[in-house]
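Working notes for the structure below.
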Amino acid sequence: LDDLLAEGVSGRRVLVRADLNVPLDKQTGQIADHNSASAPRHGTPDGMRIADDGRIRAVLPTLDALVRAGAKVVVCSHLGRPKGAPDPQYSLRPVAGRLGELLGAPVHFATDTVGDSARSTVEALADGQVALLENLRFNKGETSKDDAERAAFADQLAGFGEAYVDDAFGAVHRRHASVYDVPARLPHVAGRLVLREVEVLGRLAGEPERPYVVVLGGSKVSDKLAVIEALLPKVDRLLIGGGMCFTFLKAQGHEVGTSLLEEEMVETCRNLLERSEGKIMLPVDVVAADAFAPDAAHDTVAADAIPAKRLGLDIGPETVAGFAAALADAKTVFWNGPMGVFEMPAFANGTRGVAEAITKTDAFTVVGGGDSAAAVRALGLDESSFGHISTGGGASLEYLEGKTLPGIAALED
Ligand code: 3PG
């Protein structure tokens, strides 16, 4: 971005790919983000609310710099996974409102991505003004596997900029038109967020200071398998909680009641445990409930004694203490995925306890993944007590796996 700013962008149209894929809350009630509790609520006619605005705030340094330099800033992003056609529940309109508030100036919202509204909105931009295009994924061409279809969409999108800035770290692992094909059509640079993410995650992928402890949670083992394989030789300890731990507990020979289970992954997990040289730590107790509900009856039970009709929704206190002890002397920590259903207060203690243990270490600590970052904020934890909170979920994991990420490769070209 500094290279582009040095060239001068005043009066030039700069297309910025951001990742404004924020969690939306259907309930008209409370905003989940405690940090934004005082902020006005934004909603679509369908009553969608921004539950956590972390990803919007993360792109502000890049947008601020461009605005101050007098660029005409055209921002584009995806939101959720609509199926290539307009779908009001995935509209970026509420995001435009919040972005405008954070920037301190209104953001002009185009009600389509590359159609008449987008064209007239972009044409009307004055120097230093910002426009946000409607959800990229309302267009088939954005995510198409067909190169020609993607190219046609990329041509239209690229027409809105004289230069392209990628600040969508959370989407750099996607070979999508706005991430991969547009930079081939315009002078392209990395934004401040992408640069910082790559610097920090690069430090973890290189020679992290030891002990290096990784904490993994979240619901699906299958999503994390590749990263577990890649990390095992590198880490000193790998602590596993969240919904994915039950497939590992099953692989250890325990019954897991009605807990989340990926039966077809049990054998793979058993194999991983055998090869892990004792590095993998699993829960020794869990909070087991009689339903997936905030007010469900629940008890803490040993991990090898989960009742047949109960499901584990959090790790238990003994596990939190064990994980905290395993983290205490760490010099590098990477955490991805909540330890339980932290959105429900009864099942938030595991995530809170582990997060607090991470902040108490002297380690360089990195939180990866939209859910864990949202958990940090939703639980009211101090964001500044972590070394870095990555905006990337899949992207940060794939980066640590050592994969070539299409969005990064396109910028390095
Ligand atoms: C994310 O939430 O990880 C990014 O915004 C990418 O979203 P996607 O997984 O729908 O491509």
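Quick rundown of the values:
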{"quantity": "GLU123-ARG81 FRET efficiency (beta carbon distance; Förster radius 35 Å; 0.05 resolution)", "calculated": "0.70"}
{"quantity": "Packing-based order for 208-215, 277-284, 336-343, using average beta carbon neighbours within 10 Å, highest first", "calculated": "336-343, 208-215, 277-284"}
{"quantity": "Rounded to whole Å, sorted largest first: equivalent-ellipsoid semi-axes of region 2-193, Cα gyration tensor", "calculated": "24, 20, 15"}
{"quantity": "Extension gain from ARG210 to ALA305, taking 0.36 nm per residue of separation minus the Cα-Cα distance", "calculated": "30.7 nm"}
{"quantity": "Filter on LYS26/LYS224; LYS145/LYS403; LYS331/LYS360; LYS83/LYS145; LYS220/LYS250 - keep pairs with C-alpha separation over 23 Å", "calculated": "LYS26/LYS224"}
{"quantity": "Computed [θ] at 222 nm, helices only, for the chain once each DSSP H run of length n ≥ 4 contributes -39500 (n - 2.57)", "calculated": "-10000 deg cm²/dmol"}
{"quantity": "Region 308-369, relative contact order in percent, only Cα pairs under 8 angstrom and at least six apart counted", "calculated": "43 percent"}
{"quantity": "J(HN,Hα) series, region 348-353, from Karplus relation 6.51 cos²θ - 1.76 cosθ + 1.60, nearest Hz, glycine and proline x", "calculated": "9, 5, x, 5, 4, x"}
{"quantity": "SER276 paired with ASP64, simple spin-label distance in nm, labels 7 Å along Cα-to-beta-carbon", "calculated": "4.2 nm"}
{"quantity": "Under-5 Å amide H pairs with ALA163, H placed in peptide plane, nonlocal only", "calculated": "LEU15"}
{"quantity": "Karplus (6.51, -1.76, 1.60) ³J(HN,Hα), θ = phi - 60°, over region 187-200, in Hz, Gly and Pro reported as x", "calculated": "x, 10, 9, 8, x, 4, 5, 4, 4, 5, 4, 5, 5, 5"}
{"quantity": "Per-residue HN-Hα couplings for region 337-342 [Karplus 6.51, -1.76, 1.60; θ = phi - 60°; Hz; x = Gly/Pro]", "calculated": "x, x, 7, x, 7, 5"}
{"quantity": "Positive-pole candidate from LEU125, GLY312, ALA395, dipole of the chain, charges at beta carbon", "calculated": "LEU125"}
{"quantity": "Hull volume in cubic angstrom per residue (convex hull over the Cα atoms of the chain)", "calculated": "138 Å³"}
{"quantity": "Estimated inter-spin distance, ASP290 and GLU199, nm [label 7 Å along Cα→Cβ]", "calculated": "5.4 nm"}
{"quantity": "For TYR90, net neighbour charge (Lys/Arg +1, Asp/Glu -1) across residues whose Cβ lies under 9 Å away", "calculated": "+1"}
{"quantity": "Net charge of neighbours whose Cβ lies under 13 Å from the Cβ of ALA177, counting Lys and Arg as +1 and Asp and Glu as -1", "calculated": "+1"}
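Bear in mind that the values in this text are calculations on the coordinates, not laboratory data. Just so it is clear, the structure is predicted and the values come from calculations on it, not from any experiment. As a convention, Cβ positions derive from the backbone with ideal geometry for all residues, glycine included, and neighbour counts pool all protein chains shown.
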